[in-house]
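Colleague: I have a structure I would like to understand better, so I am pasting it below and will then ask my questions one at a time.
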Amino acid sequence: MTGDAEETLDVLLIEDNPGDARLIEEMLRDVETLLQRVEAADSIAGGVTLSHEQTLTAGLDRVREGTVDVVLLDLDLPESTGLETLATVTDETAFVPVIVLTGLDDEEIGLTAVRHGAQDYLVKREVTSDLLVRSIHYATERNRQVRERARRREQLDTLNRLNRIGQDVTHAVITTSTRDDLIRAVCEQFANSELFRFAWVGGVDHAQDRVAPLAADGIDLNDLTPVQITADDETSPLKSISTAVQTQAVQVAVSGNGTTKVEPWHPERETPAYRSSASVPIIHEGLLYGVLNVYAASDSVFSTSAVETLSRLGEVIGHAITAIERKEALVSDMALEFKFELVGVLEEVITLTNESEARVDVDHFTKSSDGLLSFGEIYGIAREEFQAAIEQTPLVDLLHLNHSGNDVYNFELVTTLGDDFLAAIATHGGRITGATIANTTFQFVVEFPTGPDKRPLIELVEEHCPNVQPVAQRTVERSVTTGSSIRSAVEGELTEKQYTALKTAYLAGMFEWPRENTGEEVATQLGVSAPTFNEHLRIAQRKCFDVVFDDTAKETLPGHSP
């Protein structure tokens, strides 16, 4: 019986006396009528199937097949007698209830049998159909409860071990400085646990639509080959890896009663066997970095709680990889630059650039309480036409438009378009370096830190900008001047509010002479009071001066000796 209410209950009778065996068969023949009488319908709803063996050896062979639900055991068999018979059977049946049949009306023998592992005992000459079915019902119910308690203990033990692995992985996150070191440490922690046979991490190769092994422990990395990401082959043992990539959710595969080799990866080699596996997406803020694959010798490791724990662990690893890449980007001279074309937005403004000299450049973007503040210039477009186009554009407000000479105007506008997008790319170290509307097309450029796979970054942009189309991509060299390092240092010192106040004041022309905007006007743009804005601005200025002058100020003082 597998747990389905309509499955039959498989009862094994080990009895050498043909007459007693026929009696038991007769009692169970009309079991459907008896079920309602003894209130056993829940556990024996599909009826009873009885098999009969006359010797202990034959009975044990049937038990080892794994299909028996209850054993009715005569203690006096040709090969064994008494409690020795019971001990032999219970040694083979960890979770199969045994009901002892005895020809002796001796309560002490029955109680001794129960103490030694039997669920119940019945005196043959006193057995009735009702009594037999009731005994089977209660034996299976008690056994179900024992199994459930054991399952819960095993799940708790598994979760405790997984939590210890999680703590070790968290320690690795803190102590490792490169992505390669981190994923190797993750594989090592899983492979060293008693729960798992081996583990490996694969990177997603979008160009070839596959998962390529990057690190492994408990198995030779050379024994693994790339796994194709396909939705076609539902029967493949590697389907869970493919599905984990496509759904970005943990996938579990159980091999069944037997063990499975790591096929089809080099099946001619000696590789560890396993009974279940889990494929865990390594992900952070929607960006998939790879898949962690762990393999267990047991088929009961991956409970719902365990899957939830693994899912959180995948996010922790993904967050750590993001932090590592952002840190590497600060000291790297190279960056990935992507150019995109955006269609279906700002169409009123785009129409104004049908003349060859007409152009709109957006140079700076910063967040405010009202949305995304944007600063830029327009060329070859009449002031009134630009103002009218913005007024017709939903979700965009023009704050300032100042003439700066010839046919050029500086503008400042706020929009809720792209607010979430800016935050999403910033999470992964990205930033918009500029946007241009010219020749009736709207293009913008996004810069990301260099990494092994460009496709997830493009997908991140496409997810937040559904009407976007990739135009070009290249690896560029960042400026080698000290400006980049100074800006990184300043950003590290300032809070978000201080940074926003300082950048907005700068872009709004507050530091120009004469001022293009006063402090009160900038505070209004940010949606804060003037005193609050001034406080953030003054603190930000002091921190900037600390970054620039703190290490060198003393050296410039008269009489200072280095």
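The values are calculated or read from the model by the stated rules, or taken from the named source; none is laboratory data. This structure is a prediction, so every number in the text was calculated from the model and none was measured. Every residue, glycine among them, receives a Cβ derived from its backbone with ideal geometry; neighbour counts consider all protein chains shown.
Colleague: Name the single residue, out of those in segment 289-312 being in a loop (DSSP other than H, G, I, E, B) and of a type in the set (Ser, Thr, Tyr), that is surrounded by the most Cβ atoms within 10 Å (Cβ to Cβ).
Modeller: Filtering segment 289-312 for residues in a loop (DSSP other than H, G, I, E, B) gives 297-303.
Filter again for of a type in the set (Ser, Thr, Tyr), leaving 298, 300, 303.
Working: Ser298: 15, Ser300: 15, Ser303: 18.
Ranking the candidates gives Ser303 first.
Colleague: Only one of these conditions is not met by Ala199: (1) in the same structural domain as Asn17 (by TED's automatic domain parsing); (2) of a type in the set (Gly, Ala, Ser); (3) not in a helix (DSSP H, G or I). Which number is it?
Modeller: It is condition (1) that Ala199 fails.
Colleague: Would you be able to tell me the number of residues in segment 89-106 that are aliphatic (A, V, I, L, M), modelled with pLDDT of 80 or more and part of a loop (DSSP other than H, G, I, E, B)?
Modeller: Filtering segment 89-106 down to residues aliphatic (A, V, I, L, M) leaves 89, 94, 96, 98-101, 104.
So of that shortlist, the ones also modelled with pLDDT of 80 or more come out as 89, 96, 98-101.
Now drop any that are not part of a loop (DSSP other than H, G, I, E, B), which leaves 96.
Selection size over segment 89-106: 1.
Colleague: Continuing with this model, one more query. Could you tell me whether Leu352 is more than 32 Å from the chain's Cα centre (by Cα) and either under 22 Å from Asn467 (Cα atoms) or in contact (Cβ under 8 Å) with a residue 40 or more places away in the chain (or both)? Before the answer, list the steps.
Modeller: Values: more than 32 Å from the chain's Cα centre (by Cα): yes; either under 22 Å from Asn467 (Cα atoms) or in contact (Cβ under 8 Å) with a residue 40 or more places away in the chain (or both): yes.
Considered against the rule, which asks whether it is more than 32 Å from the chain's Cα centre (by Cα) and either under 22 Å from Asn467 (Cα atoms) or in contact (Cβ under 8 Å) with a residue 40 or more places away in the chain (or both), Leu352 comes out as yes.
Colleague: Just to be sure, is Val48 modelled with pLDDT of 85 or more, touching a Ser or Thr at 6+ places or on another chain (Cβ under 8 Å) and within 16 Å of Ala139 (Cβ to Cβ)?
Modeller: On the way: modelled with pLDDT of 85 or more: no; touching a Ser or Thr at 6+ places or on another chain (Cβ under 8 Å): yes; within 16 Å of Ala139 (Cβ to Cβ): yes.
Spelling it out, it is not the case that Val48 is modelled with pLDDT of 85 or more, touching a Ser or Thr at 6+ places or on another chain (Cβ under 8 Å) and within 16 Å of Ala139 (Cβ to Cβ).
Colleague: Continuing with the same structure: Could you list, in sequence order, the residues of segment 143-202 that are closer than 15 Å to Tyr289 by Cβ and of a type in the set (Lys, Arg)?
Modeller: The answer is Arg179, Arg184.
Colleague: Further, regarding this structure: Can you tell which of Glu315, Glu348, Glu355, Glu337 is surrounded by 14 or more Cβ atoms within 10 Å (Cβ to Cβ), farther than 18 Å from Leu422 by Cα and either in the same structural domain as Ala388 (by TED's automatic domain parsing) or of a type in the set (Ser, Thr, Tyr) (or both)?
Modeller: Glu348
Colleague: Something else: Could you list all residues from segment 426-450 that are out of contact with any strand residue (DSSP E or B) (no Cβ under 7 Å at 6 or more places or on another chain) and either under 24 Å from Gly203 (Cβ atoms) or assigned to a strand (DSSP E or B) (or both)?
Modeller: Looking only at segment 426-450, we keep the residues that are out of contact with any strand residue (DSSP E or B) (no Cβ under 7 Å at 6 or more places or on another chain), and these are 426-427, 439-440.
Scanning segment 426-450 gives Ala426, Thr427.
Colleague: If you scan segment 357-388, which residues turn out to be in contact with a strand residue (DSSP E or B) (Cβ under 9 Å, 6 or more places away or on another chain) and part of a loop (DSSP other than H, G, I, E, B)? Working first, answer last.
Modeller: Of all residues in segment 357-388, those in contact with a strand residue (DSSP E or B) (Cβ under 9 Å, 6 or more places away or on another chain) come to 357-368, 370-381, 383, 386-387.
Listed by number, the residues that qualify are Glu357, Ala358, Asp370, Gly380, Ile381.
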